[in-house]
Amino acid sequence: MDGQNLLYWQERIDLAAAFRWAARLNMHEAVANHFSLSVNDDGTQFLMNPNQKHFSRIKASDMLLLDANDPDTMNKPGAPDPTAWGLHGSVHRKCPHAKCVMHVHSIHATVLASLADSRLPPIDQNTAIFYERYVIDEGFGGLAFEDEGMRCAGMLQDPKIKVMIMGNHGVLVLGKDIADTFNRLYYFERAAETYIRALQTGQPLRELPHDIAAKTAAELDDYPDQAERHFSELKAILDEEGSNYSS
């Protein structure tokens with residue numbers, strides 16, 4: 001392990017735990033998809049998973065430390081996946097409020113992103129979490145190389161937007177730290193599943209009115225310590241199982 005891999009060690013551990021749980025929840029995509037965490041004030045230096053390594057095997061020491069403003073990144077040994085660099089590099093370059101960024105092709109979020117109408121209506125408490133807090137990208141332009149990544153980042157300038165439903169692609173989730181972002185990713189997949197299953201019944205939906213949906217979303221925004229407790233419990237499970245994620 002070189003000296004650079006010792007930097008931001010606790011952040012590396014937490015990021016590795018997020019990868020392990022994403023794999024366990026079947027939110028991985030073979031050796032694709034990516035999570036990142038900024039580690040400086042303007043968000044341009046960030047940790048990210050290495051190229052083409054399965055989420056279930058990622059360890060703290062595996063994380064890449066990258067600089068969004070370094071034009072030579074993709075020419076260096078151990079360069080990241082080019083689509084990961086295009087998407088996450090662009091977001092960290094243009095959206096300093098997006099401290100943590102998680103992108104997956106999880107099943108129900110991707111089903112939602114594949115519908116002609118990709119809105120997530122507030123039909124229960126979980127779907128209400130995201131009321132007026134997501135944007136739908138309806139301009140899919142192929143793999144998220146540099147130009148596509150910059151286009152997506154341009155849609156995330158409003159700090160209130162926490163999720164991008166990436167039409168014909170998947171989902172991108174933003175947060176203030178790893179626990180906050182993973183918690184949001186988890187609940188978005190749950191919310192999308194509830195909505196998709198509700199559609200499958202063919203019955204009319206009982207949608208919350210605007211004032212109740214907005215109130216519920218605000219209450220859940222301010223719910224004390226929920227994300228932190230959720231994530232600490234996930235790490236505790238990994239620790240009890242003897243996982244090597246923190247190595």
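A compact table of results
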read-out	value
Sequence of ILE13, ILE165 once ranked by neighbouring C-beta atoms within 10 Å, starting from the fewest	ILE13, ILE165
Sum of side-chain charges, LYS59 neighbourhood, beta-carbon under 10 Å (Lys, Arg +1; Asp, Glu -1)	+3
Ascending count of other beta-carbon atoms within 10 Å, so fewest first, for TRP9, TRP85	TRP9, TRP85
Binned Cα-Cα distance frequencies in the chain - 10 Å width, integer %	7, 32, 37, 19, 4, 0
For HIS34, residues with placed amide H under 5 Å, excluding near neighbours	HIS103
Separation of alpha-carbon centers, region 145-169 and region 189-240, rounded to whole Å	22 Å
Cβ-based charge dipole, region 3-240, positive-most Cα from HIS88, ALA23, THR127	ALA23
Loop trypsin sites (Lys or Arg not before Pro), region 185-224, which have at most 15 other Cβ atoms in a 10 Å radius of their Cβ (DSSP)	ARG206
Relative contact order %, region 94-193, counting alpha carbon pairs below 8 Å whose residues are six or more apart	45 percent
Relative contact order (%) - criterion: Cα under 8 Å, at least six apart; region: the chain	23 percent
Alpha-carbon radius of gyration plus Dmax, which is the widest Cα pair, for region 49-183 in Å	15.1, 48
Computed lengthening from ARG57 to LYS76, 0.36 nm per intervening residue step minus Cα-Cα distance	4.5 nm
Sorted by Cβ neighbour density within 10 Å, fewest at the top, the residues CYS152, CYS100, CYS95	CYS95, CYS152, CYS100
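Just so you know, all these numbers are worked out from the coordinates, no wet-lab data involved. Remember, predicted model here, so these are calculated numbers, not experimental data. With ideal geometry, Cβ positions are generated from the backbone for all residues, glycine too; neighbour counts draw on all protein chains shown.
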